[in-house]
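Take a look at the structure set out below.
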Amino acid sequence: MSFIKEIIPFELHHHHQYRSIAAFVFMVLLFVATSILFIPIFLAIDFNIGAYIMVYVFISAIIYIIILRVTKDLDTCASYFAIQSIIISLTLMYFTGGIISPFVFWFFCIGPITYLYCKEKVALFWTTISIVCFFIFLAAHLLKYPFVNYISGDVSYTLWAFNFLFCSFFIITTLRSFQKGLKKANKRLHESNDKLISSNEELERFAYIASHDLKSPVRSIISFIGLLNKKYENQFDENGKEFLNIISSNANQMHELIEDILEFSRSNNRVIRKEVVDLNLMLKEISSHFTSKNKDAQIIFGELPIIKSDYIILKQVFQNLIENGLKYNKSYKKVISIQYIEQKDSLYFRVKDNGIGIEPVYFDRIFEMFQRLHNKEEYQGTGIGLAICKKSIQQLNGEMWVTSKVGDGSIFHITLPKNNILTNLNENENLVDLEITA
Ligand code: ADP
């Protein structure tokens, strides 16, 4: 129905509530048609007040459209609709026998209709008002209030049947229209989801190919810089040597970045293996690797569980977190503690450091690709490590997040599904809550 689109202000054509707005306009047009139909009927049966009310219905329907076009706000419009509908239905009912009026169905429609168009709170308000009004009429009826009835006999039955059918038709068509809208929106959502998945895959493929192909020329640059340095070192003056150093450091940075991007792309498609992983042995290995390189580092952990998971992924994650904990650390004695607790639904690990800490605004951002809080002169890095860690843990159906206090250190939290566990340790024994002192 293209003329409905014409009535709706252009600004609302791409509004997420467009379907509701269109249904609302359709309903208003039905009101216009109904009022035009009822005016001659009421005049014919000498129910002049009814005819005036129908003129009012006609005018207020036009005002609904004007309000919609001016305010461009469905809520304002729907509230106006609710007030008008309550007034119109009550007046009609008042003159046509009160609670036994054939227009009582119109009244029953107000609540459900406002729910379709308004925000829940607004709809609840108007529905409550209409229910209260209905009960007042019911009470008046029970107290035998003498309602006038301009329509009686056969005409009343006919109108009763007509209104019943009209309101049922009205509610059903509106609901159908919403259902259709919902289906359409769902379809669109699926389509854009598919597009998103395919463009994501394309992007991942691109990142993989680009980094893979860049790897060998960069490696070749680095090795030729090495050769140049070795063979012609004496032929360079101080400036030349400095330039060579800059080229070399940039090439190395580029190599590191390419390696990390490649690692990130690889991690998208890797097959998750389930093998027996003794975290105690793994952490021992990682720990000796770091403490042998870094004499002022201390890595502490209590008894850890043996789990069924992917060894390479877990090692990569713990290694990365420990490396960061030592790197972003200015303490005299750098201490990393790995703590474990078996929770009701999951296995919970914390990697705690006594480093520089992270401001709360960056808690989410550090897990995004290329997000670094420091420049390369201060701390070397590519900003990819934590993105890989988080993705890896999610691939194991776990979660990862950080809490920290600037100056006090950071805690990286990891949970893994409980069904990964092979050894059950006593809960209290596992949590090695170590005081970290700088
Ligand atoms: P990279 O270390 O290569 O820069 P990461 O993804 O591992 O990349 O970390 C992202 C950023 O998060 C780092 O640049 C750093 O600013 C911050 N960060 C990570 N770990 C810590 C930590 N343990 N303490 C303080 N800051 C950290």
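The values are calculated or read from the model by the stated rules, or taken from the named source; none is laboratory data. Everything quoted here is computed from the prediction, not taken from an experiment. Note: ideal-geometry Cβ built from the backbone for every residue, glycine included; neighbour counts use all protein chains shown. Quick note on the areas: whole protein, heavy atoms, side chains included, nothing else; ligands and nucleic acids left out. Shrake-Rupley method; radii C 1.70, N 1.55, O 1.52, S 1.80 Å.
Worth a mention:
- Calculated mean residue ellipticity, 222 nm, the chain: -22000 deg cm²/dmol, from DSSP H runs (n ≥ 4) at -39500 (n - 2.57) each, averaged per residue and rounded to 500.
- Low-density loop cleavage sites - chymotrypsin sites (Phe, Trp or Tyr not before Pro) in segment 274-344, where at most 14 other Cβ are within 10 Å (DSSP): Y332
- Hits among aspartates and glutamates - C-alpha to C-alpha of K391 under 16 Å, sequence gap 8 or more where chains match: E201, E204, D260, E263, D310, D364, E368, E399
- Solvent-accessible surface of segment 195-267, taken per residue with a 1.4 Å probe and all protein chains present: 73 Å².
- Over 22 Å (Cα to Cα) - which of K72/K187; K315/K344; K293/K405; K295/K327 fall in this group: K72/K187; K315/K344; K293/K405
- Note on the chain: the C-alpha convex hull projects to 34.8 nm² when averaged across all orientations.
- The residues of segment 288-413 have, on average, 46 Å² of accessible surface per residue, using a 1.4 Å probe with all protein chains present.
- All other residues whose Cβ lies under 14 angstrom from that of Q17 are scored, Lys and Arg at +1 and Asp and Glu at -1, for a net of 0.
- Nearest-10 value in Å² for the accessible area of V361, using the 1.4 Å probe: 100 Å²
- Geometric descriptor of segment 275-420, per residue, is 106 Å³ (volume of the convex hull of the Cα atoms).
- The Rg/Rh ratio of segment 2-151, with both radii computed over alpha carbons and Rh defined as the Kirkwood radius, is 1.01.
- Greater than 27 Å apart at Cα, pairs in K284/K376; K195/K390; K195/K376: K284/K376; K195/K376
- With Cα atoms, 0 to 90° folded angle of helix 74-95 axis to the chain main axis: 20 degrees
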